[in-house]
1. Quick check on the chain: helices-only [θ] at 222 nm, where DSSP H runs of length 4 and up contribute -39,500 (n - 2.57) each and the sum goes over total residues. Nearest 500, please.
2. Which of the lysines could be linked to Lys231 by a straight reach, that is with a Cα gap under 30 Å, when you skip same-chain ones fewer than 8 residues away?
3. Got a sec to turn the phi values of the stretch 268-281 into Karplus ³J(HN,Hα) couplings, 6.51 cos²θ - 1.76 cosθ + 1.60 with θ = phi - 60°, whole Hz, x for Gly and Pro?
4. Each residue of the stretch 62-72 in order: what ³J(HN,Hα) in whole Hz does its phi give by Karplus 6.51 cos²θ - 1.76 cosθ + 1.60, θ = phi - 60°, with x for Gly and Pro?
5. Given the Cα-Cα distance of Gln332 and Lys230 and 0.36 nm per residue of separation, how much length would full extension add, in nm?
6. Based on the alpha-carbon gyration tensor of the stretch 5-59 and its eigenvalue square roots a ≥ b ≥ c, which shape applies: rounded if a/c is under 1.5, prolate if not and a/b is larger than b/c, or oblate?
7. Heavy atoms only, probe 1.4 Å: what % of the accessible area of the chain goes to carbon and sulfur, would you let me know?
8. If I take R0 = 41 Å and measure r between the Cβ atoms of Glu34 and Ala286 in this structure, what FRET efficiency does the formula 1/(1 + (r/R0)^6) give, to the nearest 0.05?
Amino acid sequence: MEAREALQELRAALRAVLARVREGEPGEGREPFEPTRFWDALGQTFKETSQQATKLSLAFSRSPLPSAENCQKLSEDVQNAILAVATVYYWLPKGQGTTLRKMVRDATTEVVEGMIQLTETILISPLESLSQEQLISTGGVWEACEQVSNLPRNNQAAVVSALAACLSVVKDALEEMENALVEGQDPYSDITEDEDLGFRGNRDTYWSEADRKLLSSCMGLIKASKACLKKVLSVVKAYGKAESPEQIAQLDDLADIANEISPSVDELALSMYPPVNQLAVRLNAAKLASVLKKVLEITKTSHVCPPSEEGWVQFLIGAVDHNMDKIKNFTQGEL
């Protein structure tokens, strides 16, 4: 009973830390931020947490179970490791960039959640045995702790990582739509007939010729989204800096608006499936076009876009306008 009580108290304490990490904001701190000290300390606290997860898991997987005193010590060691992780996260000031801070917060949150999951797994598993679930939960904490070595070390690297993730999602959406739009292909071919719904001979499951003309311009807009992210990622890699507050803020602005591209692409792509509501397509296309133009305008006015790079920005703005004009023409009768 004592062992379970200690674990329940530990779980409650970890949940309280998790809530603080999720809701709290790091302060600017009185001392100047030292990146090397911060990253070394964060790496050390993640490593210590990984070791404490192993100790906790092993202690409750064999006989005899730890004494009440040892349970208390184990619980305190885990709490201290997790508190150290949270404390070091709070060293990272807002001024280092919101994109970087979010990635560090997400990694910190994952470590705390992993330890809560491990504690819960031990609580529901038979004591004095090492269940498969407990092995998986312990491995989950190790994996979360190992993430620290892959975290970006400044806001420029963080924004590069965020843009690359957006580009990957947009590429997948584009490929999926290209495959679905292959001439004569049924977009619902992977759905079998249902005896309650009847045969799938309903024309609502196919694109009309008018639909295909409209969708061609929508595909042009999605391709422009991919090209936009690709070029922005390229200039952030080449020219992005995180040395001054202005540079850091410009990178964050770029990441924030670029994050809206993939959900806007998804909304447009979903509305492109039959039966096509042309007005919905037009509205979703207009939303995506607006986001793309904002990304391009922010890029053009930031430090990542020297005069030599302005040509492609104008070209892509023109491509977005061209496809949007065609979509408006095709859907004029829907207004």
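The values are calculated or read from the model by the stated rules, or taken from the named source; none is laboratory data. Quick caveat: nothing in here was measured; it's all calculated off a predicted structure. Positions of Cβ are backbone-derived with ideal geometry, glycine not excepted, and every protein chain shown enters the neighbour counts. Side chains included, ligands, DNA and RNA excluded: accessible areas come from the protein's heavy atoms. Shrake-Rupley method; radii C 1.70, N 1.55, O 1.52, S 1.80 Å.
1. My calculation for the chain gives -24500 deg cm²/dmol from helical runs alone.
2. Lys94, Lys102, Lys171, Lys213, Lys223, Lys241, Lys287, Lys293, Lys294, Lys300, Lys326, Lys328
3. Per residue, the Karplus-derived 3J(HN,Hα) values read 5, 4, 4, 6, 7, 7, x, x, 7, 9, 5, 5, 4, 4 Hz.
4. Here the 3J(HN,Hα) series is 9, 9, x, 5, x, 5, 4, 5, 5, 4, 4 Hz.
5. Working it through step by step, the gained length comes to 33.5 nm.
6. oblate
7. Ligands and nucleic acids excluded, carbon and sulfur reach 51 percent.
8. E(calc), rounded to 0.05, equals 0.30.
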